[in-house]
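K.L.:
Here it is, the structure, as structure tokens.
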Amino acid sequence: MQPSQERDIYPLNRPDFRQFTLLIQDEERRLAVPLSKNFYSIGRNQDRDIQLLCRGVSRYHASLIWLCDSYHIVDGEPGGRPSKNGVFVNKKAVKKKTLKAGDRIIFCKDVYGEIENSLSISQKEKAAPENFPEQKNSRYFTPGVNYLDTKIEADLSLFYDCPDLFMKVDSEGQILNFQNGTDQELPKLSPEQIGKTIFEFFPINFCLNLFKHMRQIEKNKNLRSFEVSLLRNDHILCCEVRIFPGPDSHTVIILRNINQRKVLEQKLLLEAVHDSLTGLPNRALFLEKTAHSVALKQRKKNYEFAVLFVDLDRFKIVNDSLGHLAGDRLLVEISARLKACLRPQDLVARLGGDEFAILLHDIQVIEDAIEVAERIQEKISIPLMLDGREIFPSASIGITFSTDEYKSVEEVIKDADVAMYQAKANGRAKYAVFNPESIKPSLAFLQLDSALKRAIERQEFRLLYQPIFKLKSQKLIGLEALIRWAHPEGELLVPEQFLGQAEETGLTDSIGQWTLQESCRQLREWEQRSKSVLPIILSVNVSKHQFYHSDLINLLRNLIEQYQINASNLKLEITEATIMEDIQTSINIFNCLNKLGIAVLIDDFGTGYSSLNHLHELPIDALKIDRSFISGIDQDASSAGFTIIHSIIDLAHNLGIEVIAEGIECARHMAWLKAFKCDYGQGFYLGKPLMAGQVVSLLETA
């Protein structure tokens, strides 16, 4: 099919390069590649035009280039490194070789190819793109390498459908031949411009750059390329220019429109320095901008800046209880709120997870940064709805102010991080300004955090078991599992010494999961070892985070099945404060637990202001009176503590709920609780926490 003038094509005078086919034997695979382009990359990488699978082939093994009426094979990438095993043509090693029909090319021991005239190959071999689907698909995604972005299974007159502008020029830049591309954005030549120089058609800067590369080609005969911007129809056209050496000091120039590629590159560049979820700058960009501020402070002593580290409090609870999608929506909302608190010249970035960082440019005093921190905390604390639940977010903020002593961005980041941990150590929704005195408590917080993580990995936690007795008969009816941390320094730490920080740093989930698993394992062991006919009832404390975790029910179901225990022998203790945070969700979870056969106890009862209103709605087995009320029995019998305890017991009994008293420390406590008809009790007066081995003896004597 001949090109028509209507398509604005002026053909180059040379043989049709489409008459050749490359036959390849690649281990057990045979490929027939009809050659339809000016350039092919050959190698093991998936994005090569011709992909070879054998491990002996380099990632970029060779290039196949149509020049001066023939295909040429070049070892390695043009102008780049050669292949590992080399290229052999007709058994001779070559760096660059002009190919003819019948030439045999060896890429490695198990891979070879032959150049053949397409007319001498059967139609079956020539038109079998299914034999090489890699080539059919991959080249559409390789911008800047393929000069004919057209389908290999189309008509063989593919060359005339090329979008690029081809020109052949002499050493003085005189246009000898050309072929206009189908891309309408590219400049168009006309036959009248044959014999004229490129200076009459292209900008002077483009021509000078072109001649520089042409001179280099004269020296080393390698393909060269560069990018250029041309003004076309009142807009900028980005082009890639490829230059090939030709005979008689002629040069073939290919001009390609790469506007779309540039848009993609800009998009990829933007994505490389921005967080994909929130659209905020990421850690890399934040570090770069902060480094600029540190350098500017070194040059301009009157320039001041501040860095704020913002860490969401208890974000992991939202993520685990409502799911990651809800957590993502919260992060997006927090990002918008942070941006709303800043000036246009300030920078807010997401460092990862629930951590954000802010760079305040050109401020005057530290009070300016404190004002921003207070504004952020006020903005963040506004409640929002996620999946039908009202969320009350808060954040801990660490602030560091610029000083002449800062020599690197790492120093600034470290101090802001230390200040943030100091804020967390002071409680939620706090901010702290870095100063050298704050390092000690913050480092202690960090050290405890690291030690807790190691304790989880090394399983340094232990369970003790406190007996629970029926007060009327003083018979053993169950045990409560109490966690302890066997610290490497030899101290046995109680929960008050580590669980608070574990909750702040999101470690309660791992600790709680271990506690449940160890409790179920121990229950199974006791059932196998004990000769007691009484059922062994074990109560386990569950944190708020673990209680609202979406996987709690599945975890318990799996543990019951794994250890083959009776679910009715396992009880969960949930604090009243946890239940009252979301009463309806709590009821739903209780119902799921009851379906498994697991009973629920309300722990620390009496501390929640709305507990009496909702007590009748809760499907619970028993409630435990908080030890603070029991200690009040030490006072006069007319004190309010007596009345409260008596009222709680009467109310529970009227609702058919049994009562357990915690913290029974003396005979006086015991006597009054019996008088109030309290059902069960535990405390040092009745029995101290025991090791697992001691429990077996207790069970056998019960």
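The values are calculated or read from the model by the stated rules, or taken from the named source; none is laboratory data. What you are looking at is a predicted structure, and each value in this text was computed from that prediction instead of being measured. Cβ placement follows ideal geometry from the backbone for every residue including glycine, while neighbour counts extend to all protein chains displayed.
K.L.:
ARG454 - would you say it is surrounded by 14 or more Cβ atoms within 10 Å (Cβ to Cβ) and more than 28 Å from LYS300 (Cα to Cα)?
P.N.:
Numbers: surrounded by 14 or more Cβ atoms within 10 Å (Cβ to Cβ): no; more than 28 Å from LYS300 (Cα to Cα): yes.
So ARG454 fails the test.
K.L.:
Here is a further query. Looking at (1) charged (D, E, K, R); (2) modelled with pLDDT under 85; (3) assigned to a helix (DSSP H, G or I), which is the only condition GLU561 fails?
P.N.:
So GLU561 meets the others, but not (2).
K.L.:
What number of residues within the stretch 57-112 are assigned to a loop (DSSP other than H, G, I, E, B), in contact (Cβ under 8 Å) with a residue 24 or more places away in the chain and not small (Gly, Ala, Ser)? Steps first, please.
P.N.:
Of all residues in the stretch 57-112, those assigned to a loop (DSSP other than H, G, I, E, B) come to 57-61, 68-69, 76-86, 90-91, 95, 99-103, 109-110.
This time we only want the ones that are in contact (Cβ under 8 Å) with a residue 24 or more places away in the chain, so: 57-58, 61, 68-69, 77-79, 83-85, 99-101, 109-110.
Retained after the next criterion (residues that are not small (Gly, Ala, Ser)): 57, 61, 68-69, 77-78, 84-85, 99-100, 109-110.
Count: 12.
K.L.:
Only residues that are closer than 15 Å to HIS61 by Cβ and in a loop (DSSP other than H, G, I, E, B): list them for the stretch 18-48, please.
P.N.:
GLU27, ARG44, ASN45, GLN46, ASP47, ARG48
K.L.:
Sort out which residues of the stretch 314-333 are touching a strand residue (DSSP E or B) at 6+ places or on another chain (Cβ under 7 Å) and crowded, with 21+ Cβ neighbours inside 10 Å, and write them in order of number.
P.N.:
The first filter runs over the stretch 314-333 and keeps only residues touching a strand residue (DSSP E or B) at 6+ places or on another chain (Cβ under 7 Å), leaving 318, 322, 326, 329-330, 333.
Within the stretch 314-333, just VAL318 meets the criteria.
K.L.:
Next question. Which condition number does TYR60 fail, the rest of (1) at pLDDT 75 or above; (2) of a type in the set (Ser, Thr, Tyr); (3) surrounded by fewer than 15 Cβ atoms within 10 Å (Cβ to Cβ) being met?
P.N.:
Evaluating TYR60 over (1) at pLDDT 75 or above; (2) of a type in the set (Ser, Thr, Tyr); (3) surrounded by fewer than 15 Cβ atoms within 10 Å (Cβ to Cβ) leaves (3) as the failure.
K.L.:
Same structure, new question: What is the one condition in (1) surrounded by fewer than 19 Cβ atoms within 10 Å (Cβ to Cβ); (2) more than 30 Å from GLN422 (Cβ to Cβ); (3) among the hydrophobic types (A, V, I, L, M, F, W, C) that ALA336 does not satisfy?
P.N.:
(2)
K.L.:
Specify the residue that is surrounded by the fewest Cβ atoms within 10 Å (Cβ to Cβ); the eligible residues are those in the stretch 370-391 that are among the small types (Gly, Ala, Ser) and assigned to a loop (DSSP other than H, G, I, E, B).
P.N.:
So in the stretch 370-391, the residues among the small types (Gly, Ala, Ser) come out as 373, 381, 388.
So of that shortlist, the ones also assigned to a loop (DSSP other than H, G, I, E, B) come out as 381, 388.
Values: SER381: 13, GLY388: 8.
Filtering the stretch 370-391 for residues that are among the small types (Gly, Ala, Ser) and assigned to a loop (DSSP other than H, G, I, E, B), the one surrounded by the fewest Cβ atoms within 10 Å (Cβ to Cβ) comes out as GLY388.
K.L.:
Would you be able to say whether some residue in the stretch 485-508 is in a strand (DSSP E or B) and in contact with a helix residue (DSSP H, G or I) (Cβ under 9 Å, 6 or more places away or on another chain)?
P.N.:
Step one: list which residues in the stretch 485-508 are in a strand (DSSP E or B), which gives 485-486, 492-493.
The next check asks that each one be in contact with a helix residue (DSSP H, G or I) (Cβ under 9 Å, 6 or more places away or on another chain); those that pass are 485-486.
Taking every residue of the stretch 485-508 in turn, at least one turns out to be in a strand (DSSP E or B) and in contact with a helix residue (DSSP H, G or I) (Cβ under 9 Å, 6 or more places away or on another chain).
K.L.:
Quick one: in the stretch 511-529, of everything that is surrounded by fewer than 17 Cβ atoms within 10 Å (Cβ to Cβ) and under 37 Å from the mean Cα position of the chain (by Cα), which residue is nearest to ASN319 (Cα to Cα)?
P.N.:
It comes out as TRP514.
K.L.:
Something else about it: For the stretch 519-566, which positions are β-branched (Val, Ile, Thr) and either touching a helix residue (DSSP H, G or I) at 6+ places or on another chain (Cβ under 8 Å) or not assigned by TED's automatic domain parsing to the domain that holds LEU690 (or both)? Talk me through it step by step, then tell me what you get.
P.N.:
Residues of the stretch 519-566 that are β-branched (Val, Ile, Thr), as a first pass: 533, 536-537, 540, 542, 553, 560, 565.
Matches in the stretch 519-566: ILE536, ILE537, VAL540, VAL542, ILE553, ILE560, ILE565.
K.L.:
I'd like the full set of residues that are out of contact with any strand residue (DSSP E or B) (no Cβ under 6 Å at 6 or more places or on another chain), not in a helix (DSSP H, G or I) and not aliphatic (A, V, I, L, M), limited to the stretch 197-238.
P.N.:
Scanning the stretch 197-238 gives PHE201, PHE202, PRO203, ASN222, ARG232, ASN233, ASP234, HIS235.
K.L.:
Mind checking which helices (runs of 4 or more DSSP H) fall wholly inside the stretch 592-688 and carry at least 2 residues that are small (Gly, Ala, Ser) and either assigned by TED's automatic domain parsing to the domain that holds PRO467 or modelled with pLDDT of 90 or more (or both)?
P.N.:
Details: elements: 611-614, 627-630, 640-654, 667-675.
The helices (runs of 4 or more DSSP H) meeting that bar are 640-654, 667-675.
K.L.:
Taking the condition of being charged (D, E, K, R) and more than 26 Å from GLU504 (Cβ to Cβ), how many residues in the stretch 340-360 meet it? Please lay out each step first, then the result.
P.N.:
Residues of the stretch 340-360 that are charged (D, E, K, R), as a first pass: 343, 346, 350, 354-355.
Imposing the further condition that a residue be more than 26 Å from GLU504 (Cβ to Cβ) reduces the set to 343, 346.
Summing the residues that are charged (D, E, K, R) and more than 26 Å from GLU504 (Cβ to Cβ) in the stretch 340-360 gives 2.
K.L.:
Let me ask something else. Taking the options LYS262, LYS267, name whichever one is surrounded by 12 or more Cβ atoms within 10 Å (Cβ to Cβ), over 18 Å from SER335 (Cα atoms), without any contact (Cβ under 8 Å) to a residue 60 or more places away in the chain and among the basic types (Lys, Arg). Spell out the reasoning first.
P.N.:
Details: LYS267 fails: surrounded by 12 or more Cβ atoms within 10 Å (Cβ to Cβ).
Just a single option satisfies the conditions, and that option is LYS262.
K.L.:
Determine if the stretch 272-283 includes at least one residue that is part of a helix (DSSP H, G or I), modelled with pLDDT under 85 and within 30 Å of PRO344 (Cβ to Cβ).
P.N.:
Within the stretch 272-283, the first condition is being part of a helix (DSSP H, G or I), and the residues that meet it are 272, 283.
With the extra rule that they be modelled with pLDDT under 85, the set shrinks to 272.
Cutting the leftovers down to within 30 Å of PRO344 (Cβ to Cβ) gives us 272.
Yes, the stretch 272-283 contains a residue that is part of a helix (DSSP H, G or I), modelled with pLDDT under 85 and within 30 Å of PRO344 (Cβ to Cβ).
K.L.:
Between a residue in the stretch 356-369 that is part of a loop (DSSP other than H, G, I, E, B) and any residue that is surrounded by fewer than 19 Cβ atoms within 10 Å (Cβ to Cβ), which pairs come within a Cβ distance under 6 Å, given they are 6 or more apart or on different chains?
P.N.:
HIS361/GLN345
K.L.:
When ASP417 is evaluated against the numbered criteria (1) assigned to a helix (DSSP H, G or I); (2) touching a Lys or Arg at 6+ places or on another chain (Cβ under 8 Å), which criterion, by number, is the only one it fails?
P.N.:
(2)
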